[in-house]
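Single-structure report; data block below.
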Amino acid sequence: MLRLLLVFGAFPFLAVAAGDPGPSPRPIPEYHEAMSGDREAQERVGRYYMEMYAKGGLKQHFEDGMGWFRKSARQGYFVAMRAIFVARLDGKPADRDVKEANEWLQRLHELGRVETGYAERLALLHASGELGVVDNPKAYFFCLLQRMTGSTPHEVGKLQARLKAELKPEQVAQAEKDAYDWWEDRNKPARPVVVASTKGDGNSGDDSKSDGPIDTSKKAQDLAAKNRQESERRIKPLGKESKYILPGADDLEKRKK
């Protein structure tokens with residue numbers, strides 16, 4: 001019996017000698033990268049602490065996780081912003097904080113990161129009055145944004161149907177217009193601006209393309225139309241319209257003759 005005890009009692013020491021780490025704590029992944037300011041590493045360290053919180057329930061793990069999420073979110077990382085509002089809305093009742101969740105939900109809306117599901121949360125919060133007041137037109141607007149992502153949770157679909165029936169027709173129309181305009185403004189592809197380079201003698205040189213997007217706002221379009229009309233007004237009295245028209249095939253044949 002003594003011999004068996006000695007043999008089995010030696011197993012833990014043999015495991016350590018063999019290099020088996022066992023249940024001992026391991027280094028936090030990417031901690032040094034997070035400390036150096038890497039926002040993605042900061043989000044992952046925050047996730048590590050949240051997993052520890054889920055396993056052990058220690059409040060300090062939750063606070064550490066939220067701290068790392070905030071560091072990452074303040075650097076504009078939308079994944080960390082989502083992690084914050086999920087932790088504040090879907091976690092334990094004691095961890096719920098609608099005010100902080102709303103802060104990052106609004107930031108995600110400004111960034112247009114609809115893939116994070118922020119529109120669904122804002123729709124429900126505006127409809128419930130948890131943000132201070134019930135605002136059904138805004139709730140309907142965010143329901144529409146969520147539907148435009150192609151993913152409509154059952155709860156959002158029910159809310160949208162109810163609000164459409166309860167709101168005035170003009171409120172529904174305005175929310176739909178606002179949602180359409182918002183989506184269009186953020187999803188139109190940018191086009192390069194063509195800038196005419198000038199030489200020292202005042203003549204225009206070759207056109208070069210810039211990497212920046214052109215301004216497609218109504219103000220910019222009105223200004224472009226005004227400039228075009230002004231150019232035509234100045235050119236016409238001089239009788240130089242033909243100077244600005246490229247010769248066609250017929251003109252080239254006439255010149256040959």
Fill in the blank from the handout: Scanning region 51-78 residue by residue, the ones that are at negative phi and within 23 Å of the chain's Cα centre (by Cα) total 13
Fill in the blank from the handout: Exactly one of Pro137, Pro93 is surrounded by fewer than 22 Cβ atoms within 10 Å (Cβ to Cβ), in contact with a helix residue (DSSP H, G or I) (Cβ under 9 Å, 6 or more places away or on another chain) and either modelled with pLDDT of 95 or more or not assigned by TED's automatic domain parsing to the domain that holds Gln171 (or both), and that one is Pro137
Handout entry: Residue selected from region 98-114 under the condition surrounded by 15 or more Cβ atoms within 10 Å (Cβ to Cβ) and closer than 15 Å to Ser128 by Cβ, by the criterion nearest to the chain's Cα centre (by Cα)
Key = Leu105
Exercise for the section: For region 79-89, state whether one or more residues are among the basic types (Lys, Arg) and surrounded by 19 or more Cβ atoms within 10 Å (Cβ to Cβ). Expected result: yes
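The values are calculated or read from the model by the stated rules, or taken from the named source; none is laboratory data. On a predicted model such as this, the values are computed, not experimentally measured, just so you know. Every residue, glycine as well, gets a Cβ built from its backbone with ideal geometry; the counts of neighbours run over all protein chains shown.
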